[in-house]
C-alpha cells in the first residue's frame, strides 16, 4: 500500500468516526446542572491557588511516546539493512551474475544479527554510514585535521634500514635500496594510505607489475615477496614498476569463506573487483587500521571503522556548540521599549505598531538618536552573560582530541597554561601510540612492498637487511649536550677502568646521529695525553713516580747524624 493510499484510508476512517458521533442518539436521562461556586481570591491560602499533581499524572508523564506502526517498521528495516552486505558501487563494475561465496550462510547470520541487535550498536548509531557520506565528511576541516595529523606523524621520520649481519658489509645495498624507496615514493604512498584508511576505514595499495590489461593474469597470485612464487614472477618479467593507493569506493570484495572460521579465507576476500577487473589480494594489498567484528565485515564491505565515523559524535557536538555560541553572541543584547499597545492597535490609530518598531530599529545604533514618549514609553535592555562561553567551547574542542588521542598542541595549536606547564609528557605518550600504530598498521604491508622492491632491483630478497621505525621524539640542543657529556664521562670511566677500549668509544661517537664527529677515522686512535705533576707534563711511558729530566731533583738537606 502506498503512502497516498494509506492517507486516504486514514481520512475515511476519521470521517466514519465523526459521522458515528454526530448520528449517535442523545441520552434519555436528565443531566443535573451544577452551579460553579466562586471562591474569592483573598480566600485562597497565600493569595495563590495551589497546584496539585496526582500520582497517576506523574506516572503517565514517565511513559515514553508510543511508537507508531510506521516508525516501528522503519526502525526494523534500518536495523535489517545495517546487517546486510554492502552493495557494490557503480564504479566497481561488478558483473551482474556475481554472487558472494556462501550467500545462504551469510544471509542467515545477518538475519540473526539484525534480530538480536534491538538494544545493541544500531540503537547507539554505530552502523556503517556508507562511502558517499564519508567522502562528504572528508571535506570538513575538523575531520581532515584529525586524520592528516595522524598520517603526517606516521610518516614524518618513517623508517631506517640496517643490517642484521655482523659479517657482511651491506652498506652499498642499503644505500641502493634507500634510493629505490625514494624512487617508488613509498613514504608518500603509505601516508596517503593512512589518510584513506582514516577517511573510509580501508585502503588498498596496488602493486603494478606491468600487466594491468591482462585480466586473467590479474586474478593470479604473485606471492608475499619472499616465497618461490614471487621469485618466479619476478624472473618472468613481472617486476614491480609503481605503487598506487586505491580508495575503497572503487573496490568490492569477492570469493571469501563464510562457513568455516578455521580457514585462511575466513572473511578474508581472495580477490577484489576494481572497475570490472578482478584482482588477487596479493596485487591489491588491503590495509585496515581498525577492524570490526566478523559479523559486521560484510556490512562494512570488509573495511574497518573509519576515524571519521568514530569522531562524528564529538565533531557534531563541537559544530553545534560553536554555532550556538556564535548565535548567542550575535544576539546577546535584547533591546526594546515598554509602551501602551492600545495606542497602536486600536482601530483608527494614526500610527501603526509596525511603523513605531521600524522607527525604533532605524535609530538603534550608537550614532543615532533614540526618541521616546516620556509619558507612555520606557526603554529597556537585557544582556545575556557571556562569562563561561570560552570554557564551553574549550571543553567541546578537547573532546575531539580525546577520541583520536592527539595532544591539543598538535590538533588545535593550544599550549598548556599555568606556571611551568609543559606538554612534553603528553607528546611522549602520543609518540609511543604512533610508534605502536606503525608496527600494527604499516609493518606487514611495508615488508611486502620492500621485498618486491628488492626483487625488482636484484631478483632476490636480502633478509639480512631489516628496517625499523625512527623514533619521533627528539631532544633539544641543551638536552643533547647534557647527554653527550654524560656519555663522555661514562666512556672515560670505562676506558680507565680497563673495561672499554678507546676504539670502541670512537666507534660509538662516529655512529651517533647527534655526534659532531661523524667522519672520524675509527681505527686512527690518538695517543693519550701525558699526565701532569705540578702543572708540567711527564714523558709518555714514564710513571708519575719517576722524575722527568726537566724536573729538578729535590735538594738534600744536612744530615741529622
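No value in this document is a laboratory result; all are computed from the given coordinates. Keep in mind it's a predicted model, so treat the numbers as computed, not measured. For neighbour counting, all protein chains shown are included, and Cβ atoms are generated from backbone atoms with ideal geometry for every residue, glycine included.
Details
- Spatially, the stretch 503-524 and the stretch 221-297 are offset by 46 Å when compared through their Cα centroids.
- Taking a ≥ b ≥ c as the square roots of the eigenvalues of the alpha carbon gyration tensor, the stretch 326-406 is prolate, as a/c is not under 1.5 and a/b beats b/c.
- In terms of packing, defined here as the mean over residues of other Cβ atoms within 10 angstrom, the peptides 295-303, 497-505, 467-475 line up highest first as 295-303, 467-475, 497-505.
- Packing rank of 148-156, 477-485, where each peptide gets the mean count of other beta carbons within 10 Å, highest leading: 148-156, 477-485
- Under the shape rule built on the C-alpha gyration tensor, where the axes satisfy a ≥ b ≥ c, the stretch 459-526 is oblate, since a/c reaches at least 1.5 while a/b does not exceed b/c.
- As a rough guide to protection, the peptides 403-413, 387-397, 273-283 ranked by mean Cβ packing within 10 Å, highest first, stand as 273-283, 403-413, 387-397.
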